Amino acid sequence: MAKKIKWSVIGSGGIARRRTIPEGILKADNAELALVYDINEQVNAEVANEFGARQAHSVEALLDADVDAVYIATPAHLHRDHVLACAEAGKNILCEKPLGMTIAEAQEMIESCRTAGVKLGCAFMMRFVAQHVEALKLINEGRLGKPTYGRAQLSCWYPPMEGAWRQDSVTGGGGSLIDMGGHCIDLLEMFFGKVSKVSCFINNTIHDYESEDSATALLLFENGALATVDTFFCIPDASSKNVLELYGSQGSILAKRTIGQGPAGQMVAFLEGEDKGYDAQQARGADNGMIIAPDPVNTYRAQIEEFTQAIIDDREPAIGAELGLRSQKVLAGCYESARSGKAVEVA
């Protein structure tokens, strides 16, 4: 039998219970769930019973157990402390984004894991979406030409709720921008490379909680391409199509609902090739494009299997901690721009 890595979870409610445990850890061919912990003991007991795991009654007890890897899905302000504790205990760590609350925290987390000789990954699972993988291939093959513009949208309806940590910057690091915009920025950097400068607006358009419910960012990439990110906690779920648009000098790749927690959406490429002359009529034909519809991949399973295999092979994970640090640098620039009203160079 192939080796299986023993996983544990800190923060077993929320996304862990909804997605990562049932779709990721339990379905992964190279992983098994051993132990779960949550500060809410009733929730933790329910999760343990639901998924056939043992309960830990403290982080310390979990880290004393015979497990190889820890998935951290606690509120953002706890990520640093939990990663440092896991590293000290010699456990490999897959941490939900954001990787800490600041650039400095992300750097500290990375250095702690490097010193301890354990692997640290950041959970940007949308990189595993099958259509995103195919779009990246087309871009890398030059089929899109020189990248010119992108757009990534991720919004939902998130009304005020007591105890919702994402609605308080002290516990979440921000609102819609850091929570959902972080995924959008990461995807655009996957397609277009590094962002060099940002300009951003945030606002509380509808909801009156402390963190922002609205954010838009303009990104300038090192290769000269531009992109926008729009992410809101105040647009009804069904009204936001979670659009991804990628444009280049030879065409476009357009998608709906590939950004999100589901396994698949719709993506179409319109690729025109080189040597396009000027058309004074600027005619738009009835070209239906090339449908990009590879077999769907469950992103949570793919994420767990890839990180687990990195442990087995003793290599760096495909989505490592440096991407989490990179995300913090771009987000820090966005929030500074929103505060200052000026464009900001990314650190």
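Below, the figures for the structure above:
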item	result
Filter on 137/342; 4/91; 146/342; 4/27; 97/137 - keep pairs with C-alpha separation over 23 Å	137/342; 146/342; 97/137
Segment 9-88: C-alpha gyration tensor shape, a/c 1.5 cut-off, then a/b vs b/c	rounded
Top positive-direction residue, dipole computed over the chain with Cβ charges, set 310, 49, 200	200
Computed label-point distance, nm, for sites residue 50 and residue 270 using a 7 Å Cα→Cβ extension	4.3 nm
No Cys partner within the rule (Cβ under 4.7 Å), the chain	86, 95, 113, 122, 156, 184, 234
Within segment 161-203: Cβ-based charge dipole about Cα centre, in debye rounded to nearest 20 (Lys, Arg +1; Asp, Glu -1)	220 debye
Burial ranking of peptide ranges 54-65, 192-203, 171-182, 86-97 (average Cβ count within 10 Å, highest at the top)	171-182, 86-97, 192-203, 54-65
FRET efficiency, residue 57 to residue 322 (Cβ-Cβ, R0 25 Å, nearest 0.05)	0.15
Neighbour-limited loop hits for GluC sites (Glu not before Pro), segment 132-214 (at most 12 other Cβ within 10 Å; DSSP other than H, G, I, E, B)	141, 162
Cα-projected label distance for residue 339 with residue 162, points at 7 Å along beta-carbon direction, nm	3.2 nm
For segment 1-41: rounded, prolate or oblate by the Cα gyration tensor [a/c cutoff 1.5]	oblate
Inter-part distance where segment 202-257 and segment 83-97 are each reduced to a Cα centre, Å	31 Å
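No value in this document is a laboratory result; all are computed from the given coordinates. Owing to the predicted nature of the structure, the values given are computational and were not obtained by experimental measurement. Heads up, the Cβs are rebuilt from the backbone with ideal geometry, glycines too, and the neighbour counts pull from every protein chain shown.
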